[in-house]
Structures are given as C-alpha cells and as structure tokens.
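A short write-up of the structure that comes next.
The values are calculated or read from the model by the stated rules, or taken from the named source; none is laboratory data. Keep in mind it's a predicted model, so treat the numbers as computed, not measured. Cβ placement follows ideal geometry from the backbone for every residue including glycine, while neighbour counts extend to all protein chains displayed.
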Amino acid sequence: SQTIHQWPATLVQPVGSPLSLECTVEGTSNPNLYWYRQAAGRGLQLLFYSVGIGQISSEVPQNLSASRPQDRQFILSSKKLLLSDSGFYLCAWRATSNQPQHFGDGTRLSIL
Amino acid sequence: ELKVEQNPLFLSMQEGKNYTIYCNYSTTSDRLYWYRQDPGKSLESLFVLLSNGAVKQEGRLMASLDTKARLSTLHITAAVHDLSATYFCAVDPQGGSEKLVFGKGTKLTVNP
C-alpha cells in the first residue's frame, strides 16, 4: 500500500533562518505531489505542485521554493523565513485525476 | 476559473440531529471529493464522487453529487460527538487538471 511521510512534525525557527521540509511517498511511482499551507482556522492554500521529477509549478509568489529531486521526494525550502511563513504545511500525493489526494501528517511551523 | 463554496462555514448541532452541508461549484465537473480534518491533524479522504447522481455512505455520513446543479451535499444523520471536525469538499476542474480546488471548509461541532 501507499504511504506518505512528512517531517518534521513540528518546527520552531527564527525569522531569517532557512527552511527545508521533506516529503516522501512509498508504494507508487510517478505520483503528482503537492505542498499546501493552512493558516490557523483557515482553508488550504496550494503552494506548489509537481507532475514529475524536476517539474515544479508555483501557485503563489512568495518566499518559498520547491524541488523534486527524485520521483517520490518533494522538498519545500526557504532561504530566509518571514513571520508570515508560519502555518501548517501539508504534503499530498495523487496517482491519477480520478483519485483523491492523500495527505501527509503535516508540519506545524512557528516563526519567532 | 473554478470556484468552490461551502455552506455553512460553521455548524453547531446537537447530538441526534440531522443536518446537511452544501458544496457548490462554479464550472462543469463530475469529480468531487470530501475530506475530514480533526483539530491539529491532517486531512483524511472520506468520499470520492465521480459521476452525476453518485451517492456514497459511511456510517452516519452520506455524500451525493448533482453535476447538473453543480452541487454536492454531505448529510449527517443522528449526529454524534465523534463527528466534530472540519469537512472540506474539493473539485476537479473539467477537462483534467492536476490541481483540486478546495472549499473553505465547514467546521462542525456536535454538542451533547
């Protein structure tokens, strides 16, 4: 069966520090991969998605970037975090367009 | 551009009562998904609706899709406290897209 791993679960970072969040999927090949951010009590904001290795689509101009160095690995990065980058970050994967997206457990990021 | 609206956004109900959450979308689609999110947790896939008239049931929850009305409903029967969560609908744009468009979510609180 397919599983998605996302880490770390919780992260506290100072303003201006770098960020790297990692997501990996097991049990499937060539998945579509997604990064979302959810502010407290709010809906989901799609940040990036990828349909293949090295292919990244950005949805919202911002302080973040994403990379997909391997088929089942998706990384969210920042060179310098802002206070507004705080939130709950969710990685998701999807096999085909007739299937739901499956979400990882999320990373709760707090910027001090 | 596809827009997805859920209502109500907040719902407080008593145990044992019935209620319906609505998900309207603005452009043609025949693929819709319902998710559940518990506080502080990730999203869990509940239902996959892939055609007009599709109906899915799991326990006290039943979801349906009317593609002509561009409407999906999530009906709650005899609510129990364990159903307290935020429920999201998500729609696949017609013609194929790698992205789902999510509603803002309905926060359901079931009171004893």
Over segment B:28-51, the set of residues loosely packed, with under 14 Cβ neighbours inside 10 Å and touching a residue at least 12 places away in the same chain (Cβ under 8 Å) is B:THR28, B:ASP38, B:PRO39, B:SER51
The number of residues in segment A:92-106 that are assigned to a strand (DSSP E or B), within 10 Å of chain B (Cβ to nearest Cβ) and not small (Gly, Ala, Ser) is 3
Note on B:ASN24: of the conditions (1) modelled with pLDDT under 95; (2) crowded, with 16+ Cβ neighbours inside 10 Å; (3) touching an Asp or Glu at 6+ places or on another chain (Cβ under 8 Å), unmet is (1)
Of the residues in segment A:61-85, those that are more than 15 Å from A:SER29 (Cβ to Cβ), without any contact (Cβ under 8 Å) to a residue 60 or more places away in the chain and more than 13 Å from the chain's Cα centre (by Cα) come to A:PRO61, A:GLN62, A:ASN63, A:PRO69, A:SER84
Considering residues that are closer than 14 Å to A:LEU109 by Cβ and touching a Gly at 6+ places or on another chain (Cβ under 7 Å), the number found within segment A:54-79 is 0
Take B:THR20 and tell me if it is in contact (Cβ under 8 Å) with a residue 40 or more places away in the chain and over 13 Å from the mean Cα position of the chain (by Cα). no
When every residue in segment A:70-91 that is hydrophobic (A, V, I, L, M, F, W, C) and in contact with a Ser or Thr (Cβ under 9 Å, 6 or more places away or on another chain) is compared, the one farthest from the other protein chains (Cβ to nearest Cβ) is A:LEU81
Within segment B:59-77, the residues that are surrounded by 17 or more Cβ atoms within 10 Å (Cβ to Cβ) and farther than 16 Å from B:ALA90 by Cα are B:LEU61, B:ILE76
I'd like to know if segment A:23-31 contains one or more residues that are closer than 25 Å to B:GLY105 by Cα, buried (at least 20 other Cβ atoms within 10 Å of the Cβ) and not charged (D, E, K, R).
yes
